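Asks: Before I ask anything, here is the structure I am working with.
The values are calculated or read from the model by the stated rules, or taken from the named source; none is laboratory data. Bear in mind the structure is a predicted one, so any value in this text is a computation, not a measurement. Using ideal geometry, Cβ is built from the backbone for each residue, glycine included, and neighbour counts are taken over all protein chains shown.
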Amino acid sequence: MKIGELSARTGVSIRSLRYYEEQKLLTSVRMDNGYREYSPLAEEQVRTIQFYLSLGLSTEQIASFLTCVLKNKEAFCEEVLPIFERKLKEIDGQIHLLSQIKSNLEDRIRSIQEER
């Protein structure tokens, strides 16, 4: 399947598909005319990439375990759990920081309102 068809089937832009190739997440074969040709499995691969991106993982992180996940179940890929744990810790830190910022803003708003 050509890049336009893969884009239409997955809802992922052609630009993103090219980027996934640059990042070694997706492969294609170049035809004599220079067009990219993707295997029928590329659609599932792109959907899997999109899923992991929606979890907030980077393409570099995804690249480290994508082949394993596509061949096996996620639970059998040892590389996945530490990445998920690090990401969760990172998110917890961001939530904590945002909670502090929120609290500070609420205090400032109260202070301003009381001075009126």
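Asks: Conditions: (1) outside any helix (DSSP H, G or I); (2) without any contact (Cβ under 8 Å) to a residue 40 or more places away in the chain; (3) within 19 Å of the chain's Cα centre (by Cα). Residue 25 meets all but one. Number of the miss?
Replies: (2)
Asks: While we're looking at this one, here's another question. Would you be able to tell me the number of residues in region 32-54 that are over 15 Å from residue 12 (Cα atoms) and touching a Lys or Arg at 6+ places or on another chain (Cβ under 7 Å)?
Replies: Selection size over region 32-54: 3.
Asks: Taking the conditions exactly as written (at pLDDT 95 or above and of a type in the set (A, V, I, L, M, F, W, C)), does residue 70 satisfy them or not? Reasoning before the result, please.
Replies: Numbers: at pLDDT 95 or above: no; of a type in the set (A, V, I, L, M, F, W, C): yes.
No: the conditions fail for residue 70.
Asks: Test of understanding: among 45, 50, 61, which residue is at negative phi, touching a residue at least 40 places away in the same chain (Cβ under 8 Å), assigned to a helix (DSSP H, G or I) and not acidic (Asp, Glu)? Give the steps one after another, and end with the answer.
Replies: Values: 45 fails: touching a residue at least 40 places away in the same chain (Cβ under 8 Å); 61 fails: touching a residue at least 40 places away in the same chain (Cβ under 8 Å).
When all the criteria are applied, what remains is 50.
Asks: On to the next question. From (1) at pLDDT below 95; (2) under 30 Å from residue 8 (Cβ atoms); (3) out of contact with any Ser or Thr (no Cβ under 9 Å at 6 or more places or on another chain), pick out the condition that doesn't hold for residue 61.
Replies: Looking at each condition in turn, residue 61 falls short on (1).
Conditions tested, residue by residue: (1) surrounded by 14 or more Cβ atoms within 10 Å (Cβ to Cβ); (2) over 24 Å from residue 68 (Cβ atoms); (3) hydroxyl-bearing (Ser, Thr, Tyr).
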position: 15; (1), (2), (3): no, yes, no
position: 19; (1), (2), (3): yes, no, yes
position: 31; (1), (2), (3): no, yes, no
position: 43; (1), (2), (3): yes, no, no
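Asks: Which condition does residue 6 not pass, out of (1) in contact (Cβ under 8 Å) with a residue 12 or more places away in the chain; (2) surrounded by fewer than 12 Cβ atoms within 10 Å (Cβ to Cβ), if it passes all the others?
Replies: (2)
Asks: List, please: which pairs have Cβ atoms under 8 Å, are six or more places apart or on different chains, and start with a residue in region 85-112 that is without any contact (Cβ under 8 Å) to a residue 40 or more places away in the chain and end with one that is surrounded by 10 or more Cβ atoms within 10 Å (Cβ to Cβ) and part of a helix (DSSP H, G or I)?
Replies: Partner pairs satisfying both residue conditions: 87/61.
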